[in-house]
Amino acid sequence: MVFGPATGRPKSAVFRTADVVGLDTLLHVTNNCYDALPNDERRDVFAPSPVLQQLIAKKWLGAKTKQGFYKKVGDDILQLDLKTFEYGPQKKPRFDSIGSTRGVDDVDEKMRRMAGGNVDDRAAELARTVLYETLIYSANRLGEISDSVADIDHALRWGFGWERGPFETWDALGVKATAAKMEAAGYTVPGWVREQIAAQGEGMRFYRTEGAHLGQLGLRGGFTPIPTDPRALSLDAIRAAGGEAERNASASILDLGDGVFCLEFHSKMNAIDPDIIAMVMKAVDRAEREGVALVIGNDGADAFCAGANLFGLMMALGQGNMKIIDQMVVDFQNAFLRTRYARVPVVAAPFGITLGGGAEVVLGCQVVRAAAELYVGCVEVGVGLIPAGGGCMEMAARASARASDDPQFDIMSLVRGPFLALATARVSASAEDARDIGYLRQGDTISMARETVIADAKQVALGLARAGYRPPPPRRIRVMGEGGQATLKQALINLLGAHQITAHDAVVSGHLARALSGGSVPAGATVSEQHILDLEREGFLSLCGEPKTRDRIQHMLQKSKPLRN
């Protein structure tokens, strides 16, 4: 709890992260540090933990042995009692400091609230203790492991998934004020930091803007620009330079130069809502009218797009306004088709979390330049729905494109994979895994560095434009028809009988089978894209009327995890 999102760390926090890494691996790392750092002032921190040694002796190594600090039993995750070494229900004590961070999106503000908790708040006191020691230790390593505060911040952010490195954290809390609190608590602030506080006064920072660049403080004072990849494009910098052409509450259109525009999402978690859909249409219109290409990308920390705005959907469901929901789906499908058939190349630049409607945005683009770290998937079944923004249609079309011209060819062999991926809400572990699943095509390309993906997408778009890009013709999709649909539904009945899925899982996946198979048409028939779009829309609307789907949506909104009902 303390060392999770409340302090800008991953949800897995400390002990769950240890389980994922492997407790034997963790012990190996700590032993290596202990042996290799004989003169380190905090060497004792790396001494092998008796608890860790005991768990390893029991061969409770974490996720790889199904138990470590946590153990999953059925749908429940139990936690280890470190005194008895028995597993029991998770305890969730409440602290005012942690409660004060809930609903706060700004990570800097969350850290300030945690560090500023009352002295009798044990969570806040623990956060301060670890925070102060981390900041001091990091400052003592400057000049030893690196001469750059940015390098140390990058190492901890990239290596451990922190949202802020130690020096970024110190800036957020206030360097001078935090140093004073450290000394009052009995800590020794590194001499070079005290010298810089004396020189800079109240405005002491480790980072500050130097002209058009971000500068970092050196060990002996003075700020130097932080080296950046020359290929990187900062949308914030483009905006600051007056490059924002249009904006609404959830999205913006920016001019990347050379006739290339960028559609940027900036809603919470970049979730798709009517404002984003409206801006998709405007962005394509502008690129066709004034430019040569469009990139869809953003500078978000973790998410390209976490899906559709479920809260808006739940509000409409609560009002019983199916007409609004129907129009929302139609608008999304039209946006999907608009990007696919634009007269200029539209290149998606996804990264990180790209789920549900976000995955459909990617599927709707003719070309994709993805970051290597990509977690993409159509996960709508988790809330009792099916992809209805073009996802089913695109997966069916890609399967059809790989089919032989032989009239007897078994289309089922190509549809089975997409059906299972959508029915199980499979999410890729990387961009290459996304290619294997079918969310990326063989011709889609990958950027190893997250920071360059928008610039790389721009170059891909320019290349297509200079080569004389023309939109593709509308597709005819060969489907497996009623026979294939019946086969998939029988498989669902078998899984239901074996208690591997719930009755509502079978209902949801039944609609998925209908959309992917082309509905009530003969096996091997060819249908239009609109035909399958209509089927996925009908399935989506039908499921919106199911009480169990509404329960799943409500549970996801409240608990941020799927409900198996």
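Here is how the numbers come out for the structure above:
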quantity: Hits in the range 275-300 - residues which are closer than 30 Å to Pro10 by Cα and in contact with a Gly (Cβ under 8 Å, 6 or more places away or on another chain); calculated: Gly300
quantity: Test: Arg9 is outside the structural domain of Gly159 (by TED's automatic domain parsing), assigned to a loop (DSSP other than H, G, I, E, B) and surrounded by 13 or more Cβ atoms within 10 Å (Cβ to Cβ); calculated: yes
quantity: Members of the range 126-156 that are of a type in the set (Asp, Glu) and surrounded by 15 or more Cβ atoms within 10 Å (Cβ to Cβ); calculated: Asp151, Asp153
quantity: Some residue of the range 227-238 being in a helix (DSSP H, G or I) and either touching a residue at least 60 places away in the same chain (Cβ under 8 Å) or of a type in the set (Lys, Arg) (or both); calculated: yes
quantity: Asp108 touching a helix residue (DSSP H, G or I) at 6+ places or on another chain (Cβ under 6 Å) and in contact (Cβ under 8 Å) with a residue 60 or more places away in the chain; calculated: yes
quantity: Per-region count, the range 245-254, residues surrounded by fewer than 17 Cβ atoms within 10 Å (Cβ to Cβ) and either in contact with a strand residue (DSSP E or B) (Cβ under 8 Å, 6 or more places away or on another chain) or of a type in the set (A, V, I, L, M, F, W, C) (or both); calculated: 4
quantity: Boolean, Asp120 is outside any helix (DSSP H, G or I) and either in contact with a Pro (Cβ under 6 Å, 6 or more places away or on another chain) or outside the structural domain of Glu41 (by TED's automatic domain parsing) (or both); calculated: yes
quantity: Pick from the range 524-559, criterion touching a residue at least 60 places away in the same chain (Cβ under 8 Å), among the hydrophobic types (A, V, I, L, M, F, W, C) and surrounded by fewer than 20 Cβ atoms within 10 Å (Cβ to Cβ), ranking: nearest to Met322 (Cα to Cα); calculated: Leu541
quantity: Selection from the range 505-523 of residues that are touching a residue at least 60 places away in the same chain (Cβ under 8 Å) and crowded, with 21+ Cβ neighbours inside 10 Å; calculated: Val508, Ser509, His511, Leu512, Ala513, Ala515, Leu516, Ser517, Gly518
quantity: Filter pass, Ala18 being part of a helix (DSSP H, G or I), in contact with a strand residue (DSSP E or B) (Cβ under 8 Å, 6 or more places away or on another chain), of a type in the set (A, V, I, L, M, F, W, C) and on the phi < 0 side of the Ramachandran plot; calculated: yes
quantity: Near pairs, Cβ below 6 angstrom, 6+ apart or cross-chain, from the range 137-154 (closer than 17 Å to Asp171 by Cβ and touching a residue at least 24 places away in the same chain (Cβ under 8 Å)) to any residue that is of a type in the set (Val, Ile, Thr) and part of a loop (DSSP other than H, G, I, E, B); calculated: Ala150/Ile226
quantity: Answer from Leu420, Leu440 - the residue that is in contact with a Lys or Arg (Cβ under 9 Å, 6 or more places away or on another chain) and among the hydrophobic types (A, V, I, L, M, F, W, C); calculated: Leu420
quantity: Unmet requirement for Ser234, which otherwise passes all of (1) surrounded by 14 or more Cβ atoms within 10 Å (Cβ to Cβ); (2) in contact with a Gly (Cβ under 9 Å, 6 or more places away or on another chain); calculated: (2)
quantity: Arg398 vs. criteria under 21 Å from Leu488 (Cβ atoms) and under 19 Å from the mean Cα position of the chain (by Cα); calculated: no
quantity: Single match in Leu82, Leu55, Leu78 (criterion: among the aliphatic types (A, V, I, L, M) and either assigned by TED's automatic domain parsing to the domain that holds Asp302 or part of a loop (DSSP other than H, G, I, E, B) (or both)); calculated: Leu82
quantity: Condition check for Gly483: surrounded by 13 or more Cβ atoms within 10 Å (Cβ to Cβ), in a loop (DSSP other than H, G, I, E, B) and either not assigned by TED's automatic domain parsing to the domain that holds Gly390 or not hydroxyl-bearing (Ser, Thr, Tyr) (or both); calculated: no
quantity: Hits in the range 26-63 (condition: within 35 Å of the chain's Cα centre (by Cα) and under 15 Å from Phe15 (Cβ atoms)); calculated: Leu26, Leu27, Thr30, Ser49, Val51, Leu52, Leu55, Ile56, Trp60, Leu61, Gly62, Ala63
quantity: Within the range 463-487, tally of residues that are farther than 23 Å from Glu360 by Cα and hydrophobic (A, V, I, L, M, F, W, C); calculated: 3
quantity: Candidates Asp40, Asp44, Asp19, Asp76, filtered to the one that is of a type outside the set (A, V, I, L, M), exposed (fewer than 11 other Cβ atoms within 10 Å of the Cβ) and at pLDDT 90 or above; calculated: Asp44
quantity: Counted residues, the range 476-508 - those being modelled with pLDDT of 95 or more, touching a helix residue (DSSP H, G or I) at 6+ places or on another chain (Cβ under 6 Å) and of a type in the set (D, E, K, R); calculated: 1
quantity: Residue match in the range 191-199 (condition: modelled with pLDDT of 85 or more, in contact with a helix residue (DSSP H, G or I) (Cβ under 6 Å, 6 or more places away or on another chain) and outside any strand (DSSP E or B)); calculated: yes
quantity: Matching residues, the range 157-178, being part of a helix (DSSP H, G or I) and more than 19 Å from the chain's Cα centre (by Cα); calculated: Pro166, Phe167, Glu168, Thr169, Trp170, Asp171, Ala172, Leu173, Val175, Lys176, Ala177, Thr178
quantity: Members of the range 1-51 found to be among the polar types (S, T, N, Q) and touching a Lys or Arg at 6+ places or on another chain (Cβ under 8 Å), listed by number; calculated: Thr7
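The values are calculated or read from the model by the stated rules, or taken from the named source; none is laboratory data. Quantities reported herein were computed from a predicted structural model and do not represent experimental measurements. All Cβ positions, glycine included, derive from the backbone under ideal geometry; neighbour counts span all protein chains shown.
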